[in-house]
Amino acid sequence: MLLQFLFVFVAIIIGARLGGIVLGVLGGLGLAVLTFVFGLEPTSPPIDVMLMIVAVISAASCMQAAGGLDLMVKWAEKLLRKNPSQITLLSPLVTYLFTFIAGTGHVAYSILPVIAEVAIETKIRPERPLGIAVIASQQAITASPISAATVAMLSLLAGFKISLLDILMISVPCTLIGVLVGAFYSLRVGKELEQDPEYLRRLKNGEFTADTYVAKGVENHRKALLSVILFIAATVGIVLFGSMDELRPTFTQADGTVQQMQMAHIIEILMLSAAALILLVTRTDGIKAVQSSVFSAGMQAVVAIFGIAWMGDTFIDGNMAELKDSIEEVVTQMPWLFGLALFVMSILLFSQAATVRALLPLGIALGISPYMLIALFPAVNGYFFIPNYPTIVAAINFDRTGTTHIGKYVLNHSFMVPGLIATGVSVALGLLVIQML
């Protein structure tokens, strides 16, 4: 088992570092080694999870192509410029909301330059709002009803009669409070902008320009608004169907039994319908949707989940007896330790969904309560730990003052403490909530 784990670990490390679809295809290579070299029987690939993500990404990319994301950015820009002194508290709420609605943290790219520039204009250290804004966009992944991570969680816990509402009732308030605690901490991060040595150095050397970023305009306001309305309507529909079982259609089988429609199929149908309606009603070119940044990032996530989750499932299933014997007693006594495993795995995988899909089956097999697993869900937001995730790199580049940075020792970067606070508070609150329930 140790040698098999080594191959799995190496595939994850190399894939995560090289980025793009490499994580997924190296997962496939690791699966080949497990199957053809070690003789493990491959499990079924995570088809339902992948198809749900494809449907959500299709709708989100159509909304972006129709100008919906640009319109949301303009709304956010107006809010931030109207309340510039509160930018450290408002920015994370904006990126949280964007991710919550769209189901992907990559939508934060559009608003990060606005946050940086409003902070500079107000003489607020940009590191303060940018650091927690990026963390908020990650935390919201585990609160969004249509994110790949939530979809994977719902799919894996379906056998315990856990509804989407059960997950959201814990994850939404806990992650939101965690983000707010991180934002209040960020209010006092670092020196004031006009006292920061790096900003003063850039100012003195003429490296700092007075250029002001203005969010991209919306070509057709009506089209953009319609796309946002249609996308949000589909999201609300998913929440309703996922929260109230009586709304879901039932079908009589050949043997006379009555079967309720699966949430996976409902998510796929509603999101594909939303994508179709956006393209038809707004007359948006479907090719433009495929070329969008949301589509590209989402499809990379699908490939990553395909390879990594399949490899992880096969490894865990083939070694379940040994794994249970070695850690069952410890995890049973201290189930919160499984949250630490989720956190570490997310650092390696750079994906909440891939982490959920790879490790949650082990947690279920170990007999951890499904509500405990939901409480530990925000622990998969650990990929801020190593500062090379795209949104982190983007935030550093958008800050022209240099206050948002990677420290001398790499891990002492601008996102570390806000990320640890937000994640720690979210998990702790989740554990408290399930005890109360």
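A few points about this structure:
- In the chain, the DSSP-assigned H stretches of four residues or longer account for a calculated mean residue ellipticity at 222 nm of -21000 deg cm²/dmol, using -39500 (n - 2.57) per stretch and the full residue count as denominator.
- Distance between the pseudo-spin-label points of Ala276 and Leu247 (7 Å out from Cα toward the beta carbon): 2.0 nm.
- Computed from the Cα positions only, the extents of the stretch 9-131 along the three principal axes stand at 62, 31, 19 Å, in decreasing order.
- Separation of the Ile177 and Glu121 label points, Cα + 7 Å toward Cβ, nm: 3.5 nm
- Additional length obtainable on full extension of the chain from Ala32 to Ala233, 0.36 nm per residue less Cα span: 68.2 nm
- For the chain: relative contact order, % (alpha-carbon pairs under 8 angstrom, 6 or more apart): 28 percent
- The angle between the Cα long axis of helix 47-65 and the longest principal axis of the Cα atoms of the chain comes to about 30 degrees, rounded to the nearest 10.
- Nearest-ten-degree value, helix 263-282 long axis tilted from longest Cα axis of the chain: 40 degrees
- Exposure proxy shown here: for Thr235, Thr257, Thr423, the number of other Cβ atoms within 10 Å sets the order, fewest to most, as Thr257, Thr235, Thr423.
- Estimated inter-spin distance, Val10 and Arg201, nm [label 7 Å along Cα→Cβ]: 4.1 nm
- Rounded to the nearest 20, the Cβ-based charge dipole of the chain about its Cα centre (Lys and Arg +1, Asp and Glu -1) stands at 1380 debye.
- Förster-model FRET efficiency, 30 Å R0, Val344 and Met261, C-beta, rounded to 0.05: 0.25
- Crossing angle, helix 2-18 versus the chain [Cα axis fit, 0-90 degrees, rounded to tens]: 30 degrees
Values quoted throughout were computed directly from the atomic coordinates according to the rules given, and no laboratory measurement underlies them. Just so we're clear, the structure is a prediction, and the values are computed from it rather than from any experiment. In this analysis, Cβ positions are derived from the backbone assuming ideal geometry, glycine residues included, and neighbour counts consider all displayed protein chains.
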